[in-house]
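The values are calculated or read from the model by the stated rules, or taken from the named source; none is laboratory data. These figures come from a predicted structure and were not determined experimentally. Positions of Cβ are generated from backbone atoms using ideal geometry, with glycine treated the same way; all protein chains shown enter the neighbour counts. These accessible areas exclude ligands, DNA and RNA; they are computed on the full protein's heavy atoms, side chains included. Shrake-Rupley method; radii C 1.70, N 1.55, O 1.52, S 1.80 Å.
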Amino acid sequence: MKDDAIVKISDVSFRYNGEPAISNINLEIKRGEFLGIIGPNGSGKTTLLKIMLGLLKPQKGYVQLFGQDINSFKDWSKIGYVPQKAGSDVTNFPISVEEVVGMGGADHETITNSLVKVEMAEHRKRLFRELSGGQQQRVFIARALAPKPELLILDEPTVGVDINSQTKFYQLLRDLNRNLKLTLALVSHDIDVVAHEVGEIACINCKLVCHGKPKDILKSNFMEKLYGKELRFVLHGH
Amino acid sequence: MPEIFQYSFMIRAFLAGLMIAVIAPLIGNFLVVRRFSLIADTLSHIALSGVAIGLLLKTQPLVVTVILTVIASVAIEKLRSNKKISGEAVLAMFLPGGLALSIVLISLVNGLNANLFSYLFGSITTVAESDLWLTLGLGILTLFTVIFFYKKLLFASFDEESAKVSGISVGFINTILVVLTAITVSLSMRVIGILLIGALMVIPVVTGMQLGRSFLQSIYFSLGFALTAVIVGLFMAYYLNLPAGGTIVLLSLGIFGLVAFFKRSH
């Protein structure tokens, strides 16, 4: 039977200057899954994401992407990455929306199709810096979709985005997951929102604290272990 | 034919000037958005050491300068990319380092003679035929390298981490950019002058960014402004007997002022 785990993290540990950031983590992301990787600030979730993307090398353990060791993995077009924000100061960067989407090498038609998928086609000629936080995130998703990836990894995508735009944003992610059969992995510290949007949750606090369906995890006492005793969740369906 | 073009030195100055007016803002656009434009000034101080070595060894100063600035640019990028020292601090070390080396070497070539002075502030009468061919050759190479790597340069400038994830060798692309900067600085010193080249890599770019509705459009505007400043500047330098480098830089500032005024009033 074909192994449907497209990301396999096996016994991975990473230390910054001797301080453990993540320790002995085992985690799999299966094809078609919408996984939320959650944890408090400083819990190591961004470190884990960078290891998954090949930006950091684990000091212990190994990572497989699409069945291949990450060190020999070459087919990066299968993975789309949506950062929290651009690495540069966009306020001084006169770049248009279509230039952002096309910077990975996409042609005109692919740029258009990607912008249509995130409902940003009418903004293609605008300067990126003139967009709201939510619109900028949509443009980043369009850029990540351009090479037609199978896995989309998002790093705290809704930080600084207003609540109304957040709701639309998660609706877009659910559509991508269901309609385009995209596998999604989303890193966030905002458990209350993410738990109601994703299909699976992995809770990180240096170690993997829990992994499973949101409703099972929210009913258990894992969240108190992760965030402290004061946290309360309200479960609702979609 | 206008009188100005009856002199072969003026034709050489114009050809070299036009080439520089294209490549200096072209490279400058990528430096400004990265907030790394001070590298041009840093490399120009190192270029001065190259000139002094060239004069000391009685060889082609331009060739020595290109080699020295390219080596320095790679060293700067290596130090910057390992993240242990910030990019700004690396430049702050290399800039006085280059100047210090220049001062020591200049004292060995018996002080600041007229020849060395012309490298500092540029001189339209001193573009030799060999300088012109080297400028055109390396200038065209720079131009085509930017065209070839354009999208990768843009991606790495906008978002280094995402560029890495998409499979771009960001270290290689960044090294290309600093090497092209080193070449541009070296080629510009004859017409613009070592102390003024940083201005031509920044002022037309900042002016273009006031008007550009995309990165490519900003590049086109900056090229237009730089070409205008160089052409008008060289005419003024010839007919009014003004230093070319200083005139070109002042004209660039004048264009910036006009554009800023135009933008404010609309």
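Kindly establish whether A:Ile25 is touching a residue at least 40 places away in the same chain (Cβ under 8 Å), part of a helix (DSSP H, G or I) and either more than 14 Å from chain B (Cβ to nearest Cβ) or open to solvent by less than 60 Å² (accessible area, probe 1.4 Å) (or both).
no
Of the residues that make up the range B:131-154, is at least one without any contact (Cβ under 8 Å) to a residue 12 or more places away in the chain, at the interface with chain A (Cβ under 10 Å from one of its Cβ atoms) and open to solvent by less than 20 Å² (accessible area, probe 1.4 Å)?
Checked against the condition, which is being without any contact (Cβ under 8 Å) to a residue 12 or more places away in the chain, at the interface with chain A (Cβ under 10 Å from one of its Cβ atoms) and open to solvent by less than 20 Å² (accessible area, probe 1.4 Å), the range B:131-154 yields no hits at all.
Of everything in the range B:175-200 that's in contact with an Asp or Glu (Cβ under 7 Å, 6 or more places away or on another chain) and open to solvent by 10 Å² or more (accessible area, probe 1.4 Å), which residue is farthest from B:Val51 (Cα to Cα)?
Filtering first and then ranking leaves B:Thr175.
Please find, within the range A:188-215, the residue that is modelled with the highest pLDDT out of those that are out of contact with any strand residue (DSSP E or B) (no Cβ under 9 Å at 6 or more places or on another chain) and open to solvent by 40 Å² or more (accessible area, probe 1.4 Å).
Residue satisfying both the conditions and the ranking: A:Asn205.
In the list B:Ser73, B:Ser49, B:Ser107, B:Ser8, which residue meets the criterion of being out of contact with any His (no Cβ under 6 Å at 6 or more places or on another chain), among the polar types (S, T, N, Q) and within 23 Å of B:Ala156 (Cα to Cα)?
Matching residue, one of B:Ser73, B:Ser49, B:Ser107, B:Ser8: B:Ser73.
Would you confirm whether or not the range B:241-253 contains a residue that is at pLDDT 95 or above and more than 17 Å from the chain's Cα centre (by Cα)?
no
From A:Ser88, A:Ser43, A:Ser77, which residue is closer than 28 Å to A:Ala195 by Cβ, open to solvent by less than 60 Å² (accessible area, probe 1.4 Å) and hydroxyl-bearing (Ser, Thr, Tyr)?
Testing whether each residue is closer than 28 Å to A:Ala195 by Cβ, open to solvent by less than 60 Å² (accessible area, probe 1.4 Å) and hydroxyl-bearing (Ser, Thr, Tyr) leaves just A:Ser43.
Can you list the helices (runs of 4 or more DSSP H) lying wholly within the range B:1-87 that have 3 or more residues being open to solvent by 20 Å² or more (accessible area, probe 1.4 Å) and more than 24 Å from B:Val109 (Cβ to Cβ)?
Passing ranges, in order: B:8-33, B:61-81.
Can you tell me which residues in the range B:88-104 are touching a residue at least 24 places away in the same chain (Cβ under 8 Å) and crowded, with 18+ Cβ neighbours inside 10 Å?
Scanning the range B:88-104 gives B:Leu91, B:Phe94, B:Leu95, B:Gly98, B:Leu101, B:Ser102.
For the range A:155-171, which positions are open to solvent by 10 Å² or more (accessible area, probe 1.4 Å), touching a residue at least 24 places away in the same chain (Cβ under 8 Å) and not polar (S, T, N, Q)?
Residues satisfying the conditions are A:Asp155, A:Glu156, A:Val159, A:Gly160, A:Val161, A:Asp162, A:Lys168.
Anything in the range B:110-130 that is polar (S, T, N, Q), part of a helix (DSSP H, G or I) and open to solvent by 30 Å² or more (accessible area, probe 1.4 Å)? List them, or say none.
Within the range B:110-130, B:Asn115, B:Thr125, B:Thr126, B:Ser130 meet the criteria.
Just give me the residues in the range B:226-241 being surrounded by fewer than 24 Cβ atoms within 10 Å (Cβ to Cβ) and within 23 Å of B:Val33 (Cα to Cα), in sequence order.
B:Leu227, B:Thr228
For the range A:131-140, does any single residue satisfy the condition of being within 9 Å of chain B (Cβ to nearest Cβ), under 21 Å from the mean Cα position of the chain (by Cα) and surrounded by 21 or more Cβ atoms within 10 Å (Cβ to Cβ)?
Checked the range A:131-140: at least one residue is within 9 Å of chain B (Cβ to nearest Cβ), under 21 Å from the mean Cα position of the chain (by Cα) and surrounded by 21 or more Cβ atoms within 10 Å (Cβ to Cβ).
With respect to the numbered conditions (1) within 29 Å of B:Ser81 (Cα to Cα); (2) of a type outside the set (Phe, Trp, Tyr); (3) in contact (Cβ under 8 Å) with a residue 40 or more places away in the chain, which one is the sole condition not fulfilled by B:Ala237?
(1)
Condition check ((1) at pLDDT below 90; (2) farther than 25 Å from B:Thr247 by Cα; (3) away from every other protein chain (no Cβ under 14 Å)) across all residues:
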residue	(1), (2), (3)
B:Leu99	no, no, yes
B:Asn110	yes, yes, yes
B:Tyr119	yes, no, yes
B:Ala128	yes, no, yes
B:Ser157	no, yes, no
B:Glu160	no, yes, no
B:Phe172	no, yes, yes
B:Thr175	no, yes, yes
B:Val185	no, no, yes
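Kindly list the number of the only condition in (1) open to solvent by 60 Å² or more (accessible area, probe 1.4 Å); (2) assigned to a loop (DSSP other than H, G, I, E, B) that fails for B:Ser107.
Only one criterion is unmet by B:Ser107, namely (2).
Residue by residue through the range A:91-111, note down the ones that are of a type outside the set (A, V, I, L, M, F, W, C), facing chain B (nearest Cβ under 10 Å) and either within 19 Å of B:Gln217 (Cβ to Cβ) or open to solvent by less than 30 Å² (accessible area, probe 1.4 Å) (or both).
Matches in the range A:91-111: A:Asn92, A:Pro94, A:Ser96, A:Glu98, A:Glu99, A:Gly102.
Please determine whether any residue of the range B:206-221 is within 14 Å of chain A (Cβ to nearest Cβ), open to solvent by less than 50 Å² (accessible area, probe 1.4 Å), touching a Lys or Arg at 6+ places or on another chain (Cβ under 6 Å) and not in a loop (DSSP other than H, G, I, E, B).
no
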